[in-house]
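Just so it is clear, none of the values below were taken in a lab; they were calculated from the coordinates. All figures in this text were calculated on a predicted structure; none of them were measured in a lab.
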Amino acid sequence: MTTSTRTALALSLALALGVVGCSSDGETASTEPTTNATASGADTTLATPVTVDPASIAAEPSAGCGTPEAAGLTPGDVRVDTTSGGQPRWYFQQVPTAHDGETPMPLVVDLHGYSEGAEVHRLGSGMGAFGEAEGFATITPNGQANPVPLWAATSGSVDSDFLDLVLDEAEANLCIDTNRVYFTGHSNGAFMTSAMVCDHADRIAAAAPVSGIQLIDGCDPANPVPIVTFHGTEDPFVPYSGGVGSAVSKLPSPDGTGSLADVVEESPDTTVAADDTMDVQEVTAVWAERNGCNAEVTEEKVADDITTLTWDCPNGADTVVYRIEGGGHTWPGSEFLAGAVDLVGTTTFSIDANEVMWEFFQQHPRGVASSGS
């Protein structure tokens, strides 16, 4: 990785209008004892039993299935320009070779971090190439850019409406299995993933926020949504313990005229303010509670630097944290981000986030997690 690319990457990663635990809706998770378990090897297979066999959930074809337009699409990566809320917006659409216009396929929406933008993020996550190999469509949208690309990670925001429109367009133009629509994202993209679960739980089968699961003010999901999240204990931007990390000073303010650190300091009551009272486990415990899970969490060491925190959840509403000891503000398994260790911290290769979340997604089509608990 060249010096200029690393410098650009420093301004492309991290935070955004919020941090772990910020904009909390006031919910607090109960502090039940933790159960510890130790694995004999580095097996990251998620074996949580579900009430409904995932394979028994039939595909639900989207409106695009069987249309000449969907059948005539050339596989590959294209930029799609659209309009949302009267404003021009765009996203990358990766159509895998497996797409024939008639067979419904899963969709993964992958959201970039603060100041990163879609073009850089897809290099870091590699989700489009992974989707080509696994046979699912990938959409990588670009956030608001005024001029810094970011997501307004609040319930009912213009970005929530935009991403809802993105789903509408994907389902109309591609052959998508609407029972298998998933969201992931890094940092600010993880915050926005959290907001989308709040606003559009009826459309999202499962979610995988990376380095930034968040509580959203006024969050009231329509139904349980299974969640698997990843977070490093040495994250310099979004600390595992909560609050804002010192590395935020490297990021530009939303208008590009100063530092994001100044915005945080000067506007403590806005969504860039930190709530350092809850760590990642506590934040995720609130999501587990929403999913109807028991308060007790089981810890299992699955690799030298990886511990899973798993809640006992009913009806397939599984909730899991991958805690990465010594991990930075990065995407597990990303060769691209591993080259920026001085800026974002250590990238683990004990697991590959794409592989883990895709396995989780396959186990959790819409309909496995139900409101019964």
Any chance you could tell me what percent of the C-alpha pair distances in segment 141-194 go past 14 Å? 57
How long is the gain from D262 to V52 if the chain were fully straight, where each residue apart is worth 0.36 nm and the alpha carbon distance is subtracted? 70.7 nm
Extension gain (nm, one decimal) between E169 and T82, 0.36 nm per residue minus Cα-Cα: 30.4 nm
For segment 314-373 and segment 133-200, compute the distance between their C-alpha centroids and round to whole Å. 17
So between E359 and V158, what do we pick up on full extension, going 0.36 nm a residue minus the alpha carbon distance? 69.3 nm
